[in-house]
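Structure record follows, encoded as structure tokens.
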Amino acid sequence: MMSGTSISSSVIVSSGLGYKPEGVASKVEGVCSFCGLHIAKGDLASPFSVSSAFMDDISLAARGSGLTCGHCAPLMTATALRESGYGVFTKGGTQPFRKWVDIANAIRNPPNEPFVMAYATANNQHMGWRAPVNFSSALFYVRVGLRNLKIRHKYLMEAVDVSQVVGLAFGRESSAKTLAHPFVRLSSDLKEIGHAGLIVNYKPKELEDEAYRKLLAEHQDNIDFLMDLTLGETWALRFLLTPGAGSL
């Protein structure tokens with residue numbers, strides 16, 4: 001028997017979007033080139049085929065297998081690429097994951113069943129078959145553009161409070177849209193240089209050197225905590241630290 005997974009992101013995304021498997025009964029056993037799903041004899045499948053414009057071969061789960069599973073096939077249309085670019089997908093449906101307020105809500109309350117989170121950063125990105133399947137709400141991954149970002153839910157929720165403590169200590173005030181935090185900038189698509197850099201590395205003009213060193217020492221544990229966050233956690237903070245997200 002050829003190796004392959006019994007569930008894949010395409011199974012979940014396609015089901016969540018209400019797509020039915022496509023193809024013909026496979027005459028051979030194999031593995032889906034795109035998502036790595038095991039294909040048994042008789043399962044709906046089709047030959048692997050992409051256009052010359054396809055640039056994501058490095059992401060293929062089983063390059064060279066020659067097969068596409070019935071769950072990946074419907075995700076290849078232009079409409080499907082748009083619909084699968086943003087969302088929290090489970091077999092039972094899809095919840096929005098594009099507006100900042102929706103992203104914040106989903107990250108605070110991830111599903112308690114196998115799920116996929118996808119957030120495209122360009123038009124027509126293949127997200128459905130490339131995103132990881134999550135089996136835990138305590139530690140999960142979000143596909144953001146070309147990256148799979150890890151989020152430890154407990155640490156992320158704690159980081160919201162720690163960010164405000166450190167931000168206020170170093171002179172950052174909350175505004176109508178953004179809570180106080182010590183980051184130079186937080187980028188929603190990770191395309192901005194300086195994402196998650198800390199202002200604590202720059203001495204406030206009004207502080208003397210000794211006062212600055214004392215302030216750093218006082219908050220060193222919290223600063224270390226923030227510096228140990230994953231890229232996914234700092235990405236998620238962009239949305240959790242923005243209570244005015246509903247207007248964005």
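The values are calculated or read from the model by the stated rules, or taken from the named source; none is laboratory data. These figures come from a predicted structure and were not determined experimentally. Glycine gets a Cβ as well: all are built from the backbone with ideal geometry, and neighbour counts include every protein chain shown. The area values use the complete protein model at the heavy-atom level, side chains included, leaving out ligands, DNA and RNA. Shrake-Rupley method; radii C 1.70, N 1.55, O 1.52, S 1.80 Å.
The distance from the alpha carbon centre of segment 121-154 to that of segment 186-244 is 24 Å, rounded to a whole number. Loop-resident GluC sites (Glu not before Pro) (DSSP state other than H, G, I, E or B) in segment 196-248 with no more than 16 further Cβ atoms inside 10 Å of their Cβ: 206, 208.
Considering segment 151-199 at the alpha-carbon level, its Rg and Dmax are found to be 11.2, 28 Å.
In order along segment 110-123, the Karplus-derived 3J(HN,Hα) couplings, from 6.51 cos²θ - 1.76 cosθ + 1.60 at θ = phi - 60°, round to x, x, 9, 8, x, 8, 10, 10, 9, 9, 6, 10, 7, 6 Hz, and Gly and Pro are given as x.
Using only the C-alpha atoms, the convex hull of segment 111-152 corresponds to 57 Å³ per residue.
When the charge dipole of segment 9-145 is built from unit charges on Cβ atoms (+1 for Lys and Arg, -1 for Asp and Glu) and taken about the Cα centre, the candidate among 110, 49, 64 whose Cα reaches farthest toward its positive end is 110. Divide the volume of the convex hull around the Cα atoms of segment 154-242 by the residue count and you get 90 Å³ per residue. Accessible area per residue for the chain, computed on protein heavy atoms with a 1.4 Å probe, is 50 Å².
Ratio of Rg to Rh for segment 9-145: 0.97 [Cα atoms; Kirkwood radius as inverse mean 1/r over pairs]. Contact order, relative form, for the chain: 16 percent (alpha carbon pairs under 8 Å, 6 or more residues apart, mean separation divided by residue count).
When exposed loop sites are taken as trypsin sites (Lys or Arg not before Pro) in a DSSP loop with at most 16 other Cβ atoms within 10 Å, the longest stretch of the chain clear of them is 100-176. The helix-based estimate of mean residue ellipticity at 222 nm for the chain, built from -39,500 (n - 2.57) per DSSP H run of four or more residues and divided by its residue count, is -8000 deg cm²/dmol to the nearest 500.
Please identify which residues in segment 25-67 have an amide N closer than 12 Å to a label point set 7 Å out from the Cα of residue 6, following the Cα→Cβ vector. Under 12 Å, as judged by backbone N against the label point of residue 6, lie 38 of segment 25-67. In loop segments of segment 3-66 as defined by DSSP, the chymotrypsin sites (Phe, Trp or Tyr not before Pro) with at most 13 further C-beta atoms inside 10 Å of their C-beta are 54.
Mean separation of Cα pairs under 8 Å and 6 or more residues apart, divided by the residue count, gives segment 154-242 a relative contact order of 36 percent. Put a plus charge on the Cβ of each Lys and Arg, a minus charge on the Cβ of each Asp and Glu, and nothing anywhere else: the dipole of the chain about its Cα centre is then about 620 debye. Sequentially through segment 72-83, phi angles give Karplus couplings (6.51, -1.76, 1.60; θ = phi - 60°) of 7, 3, x, 8, 8, 6, 4, 5, 5, 4, 5, 6 Hz, Gly and Pro residues having no value and appearing as x.
Across the cross-link table entries 150/177; 99/150; 154/177; 191/214; 20/99; 20/191, which are compared at the Cα atoms, the separations over 31 Å belong to 191/214; 20/191. The portion of the accessible surface of segment 154-242 made up by carbon and sulfur, rounded to a whole percent, is 51 (1.4 Å probe; DNA, RNA and ligands excluded).
Only Lys, Arg, Asp and Glu carry charge here, each on its Cβ (+1 for the first two, -1 for the last two); on that basis segment 9-145 has a dipole of about 160 debye about its Cα centre.
Residue-wise HN-Hα couplings along segment 223-231, as the Karplus relation 6.51 cos²θ - 1.76 cosθ + 1.60 with θ = phi - 60° gives them from phi, are 5, 4, 4, 5, 6, 8, 5, 6, 4 Hz; Gly and Pro carry x.
The share of accessible area on segment 9-145 that comes from carbon and sulfur is 52 percent, using a 1.4 angstrom probe.
Dipole check for segment 154-242: with +1 at the C-beta of Lys and Arg, -1 at the C-beta of Asp and Glu, and the Cα centre as origin, the magnitude is about 340 Debye. Take the Cα of residue 91, step 7 Å toward its Cβ, do the same at residue 122, and the gap between the two points is 3.4 nm. Once the Cβ-Cβ distance between residue 57 and residue 152 is put in as r, and R0 is 30 Å, what FRET efficiency do you end up with, to the nearest 0.05? Here the calculated transfer efficiency is 0.45. Using only Cα positions of the chain, each an equal point scatterer, no hydration layer, compute I(q)/I(0) via Debye at q = 0.10 Å⁻¹ and quote the log10 values to two decimals. Each listed q maps to, in turn, -0.56. Using a 4.7 Å Cβ-Cβ cutoff, the cysteines of the chain lacking any partner cysteine are 35, 72. Counted residue by residue at 0.36 nm each, then reduced by the alpha carbon distance between them, the extension gain from residue 211 to residue 174 reaches 11.0 nm.
D for segment 1-53, whole µm²/s, Stokes-Einstein with Kirkwood Rh over alpha-carbon pairs at 25 °C and 0.890 mPa s: what number? It comes out at roughly 208 µm²/s.
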